[in-house]
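Bear in mind that the values in this text are calculations on the coordinates, not laboratory data. None of these values were measured; they are calculated from a predicted model. Neighbour counts run over all protein chains shown; Cβ positions are idealised from the backbone, glycine included.
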């Protein structure tokens, strides 16, 4: 269930009625399409091709994709407490990015030589081989309960080039912390958006000029209903209903946004994550993207 074009996707009828993936955030709540239109998809201020990520004929999550970067700007999903181990899965691609008439389900990469339309429209597995970057999930499998939801995160339209020291260090710790916080204190659905902050010069790419490398990753969650008494007991009220974080993806970046912990292990040094209130994240996003960006409708209150 992909899209074509750069800002407006050619979508199947049911996706158009979900207003380019608003169904993922509103559809389960019995809200009408007219009311859903009051929300913001994508989060206000960011442009790109919206992809309603569909696996085995069900919508799983949503991504905002930029073809020229061959990578997502963010992925948005509804959190569910995980069960079992991380699945092993084939990497997949988005057929409708290559051809708008293709099937709407994400598909495993076929063996052999790939169709040039696939290679031109999105990242492929060869882009990451011997690149010095890992495949960094924006929507991690850790934040989903069912096997199908977890497997659906293994698509390269949900992945950005991420340094090992970030992906397997401080950023992984952040994902675990979010998993614990939402699983322990959130009483209803929780909404998560995870995205990237490009370099100011935007000159960092892998494999020539194939896939853009972000300077930072960011993430924010919205939990409209939570256990207030339990949060007060453990002095955790500041982390709800929203909280956010920015993580370094370049150990040589300056420290204005995310300072470096000089005592970090050598392999994780320079890949720190800084947790912060949602409005602080949006301030940094505004500085880098040059426009006001609202991650959640009415700062999360609109999702109650």
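In nanometres, what is the gap between the two model label sites at residue 132 and residue 90, each 7 Å from Cα along Cα-to-Cβ?
Distance between the two pseudo-spin positions: 3.3 nm.
Based on other C-beta atoms within 10 Å, arrange 181, 229, 80, 63 from fewest to most.
The order, fewest Cβ neighbours first, is 229, 80, 181, 63.
Compute the label zone of residue 164 within segment 245-274: residues whose backbone N is under 16 Å from the point 7 Å along Cα-to-Cβ.
250-251, 265-271
Take the eigenvalues of the Cα gyration tensor for segment 13-303, scale each by 5, and report the square roots as semi-axes in whole Å, largest first.
Taking √(5λ) for each eigenvalue gives 27, 25, 18 Å, largest first.
Within a 10 angstrom radius of the beta carbon, how do 146, 134 rank from fewest other beta carbons to most?
Least crowded to most crowded, the residues run 146, 134.
At 0.692 mPa s and 37 °C, plugging the Kirkwood radius over alpha-carbon pairs of segment 153-304 into Stokes-Einstein gives what diffusion coefficient in µm²/s?
It diffuses with D of about 199 µm²/s by this estimate.
Give, in nm to one decimal, the length gained when the segment between residue 101 and residue 265 is fully stretched (0.36 nm per residue of separation minus the Cα-Cα distance).
54.1 nm
Assuming R0 = 41 Å, can you tell me the calculated FRET efficiency for the pair residue 236 and residue 209, based on Cβ-Cβ distance, to the nearest 0.05?
Computed FRET efficiency for residue 236 and residue 209 comes out at 0.40.
Please report 289, 93 as a ranked list, fewest other C-beta atoms within 10 angstrom at the top and most at the bottom.
Lowest count first: 289, 93.
For labels at residue 173 and residue 146 in the simple 7 Å Cα→Cβ model, what's the distance in nm?
Each label point is offset 7 Å from its Cα along the Cβ direction, giving 3.4 nm.
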